[in-house]
Amino acid sequence: MRERFSHRSYVIGWLSIAGLVCVLASRSPSSAAQSKSREASAQSSRPSTVVVIDAGHGGFDRGGIPRQRIAEKTMTLDVALRLRKKLLEAGYRVVMTRDSDFFVPLSERVAIANSNDNAIFICIHFNSASRAEANGIETYYYRRDAMTLAGDIHRNVIAGAPSENRGIRRRGYYVLRKTTSPGVLVECGFLTNPTEGQLALTTAYRDKLAEEITRGILGKPALVARAPASHYYPPATEVEAQPFNGYAGTDFIKAPPERSTARHRKRSKGARSKRSSHQRTAQRAKSGGHTPAKKSAPESAED
């Protein structure tokens, strides 16, 4: 009797273990499928799965102003290559308008961007000015559907850099105006500024810029703590990360609409000639109808 009972217990025990194994085996593919489904859902929730990265300038075009010590083309390419690596790790497909030191015309950059469906366009630049004190980071967009992306990128870069917030501006730059996908141009600081130029020369800072731009593309909130400030900037303070809502906040700067330079010059010349005509008429009236002798000096310094 005891033998029969122990044998029955042995069989029941093995059946229980076998049943448990079957349950686990049946669950395993289902959880793998759920995991894949979650990944697919995350991918589909992204505004895009393709990023076209445009490193500004290149080749004979150094970028910046004449006699600028740090070549902008070198800094933009380095940040762009670091950004590519981080986006690939995040699961994006990345297309580069250039991946080494050669010149790409603006029309070709736009053509590369427009040949990729469901893409976003990220243009990397650094700023420059004749005034060494000019500093800070600014971000540009043109299309209405690029506003959120511009806000996300700008806030992350500002949170990760000890630089002044110069705001987000809407501008019709060629590469932003002609691309059929949402595009953002980031000015990552002034290479002509002693502090920002020195920062840009460090590998860690360029990697930090790429990291923050990646966070912006992923739609992550800006980090709460600002990066440590150098002696050139006021002490860093903790700022609360705010979600981006349209034009809310002070990041967006209302910029006047762009006007044609040629048209502006034509108008200016017309206005000046009209003024000059009125002045000559007034002078004739004062001198009793006699035309005064012309001065050898030019009428206007603007000419």
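The values are calculated or read from the model by the stated rules, or taken from the named source; none is laboratory data. Remember, predicted model here, so these are calculated numbers, not experimental data. Positions of Cβ are backbone-derived with ideal geometry, glycine not excepted, and every protein chain shown enters the neighbour counts. Protein only, heavy atoms only, side chains kept; ligands, DNA and RNA dropped before computing areas. Shrake-Rupley method; radii C 1.70, N 1.55, O 1.52, S 1.80 Å.
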One finds, for Ile65 and Phe102 with R0 = 25 angstrom and r their Cβ-Cβ distance, a FRET efficiency to the nearest 0.05 of 0.70
One finds, for Thr203 and Ala111 with R0 = 22 angstrom and r their Cβ-Cβ distance, a FRET efficiency to the nearest 0.05 of 0.10
Taking placed amide H atoms and a strict 5 Å upper bound, the residues 5 or more places from Ala129 or on another chain that come that close are Thr192
Once Ile112, Ile122 are ranked on solvent-accessible area with the largest value leading and a 1.4 Å probe, the list reads Ile112, Ile122
Pairs over 20 Å Cα to Cα, from Lys86/Lys220; Lys178/Lys220; Lys86/Lys208; Lys178/Lys208; Lys73/Lys208, come to Lys178/Lys220; Lys178/Lys208
Ordering 152-162, 76-86 by per-residue average of other C-beta atoms within 10 angstrom, highest first, gives 152-162, 76-86
Sorted by chain and number, the residues with a modelled amide H under 5 Å from that of Met96, at a separation of 5 or more or across chains, are Ile53
The simple spin-label model distance between Ala90 and Arg177, using points 7 Å out along Cα→Cβ, in nm, is 2.9
Karplus-derived 3J(HN,Hα) from phi for the stretch 200-209 (6.51 cos²θ - 1.76 cosθ + 1.60, θ = phi - 60°), whole Hz, x at Gly and Pro, runs 4, 6, 8, 4, 4, 6, 5, 5, 5, 4
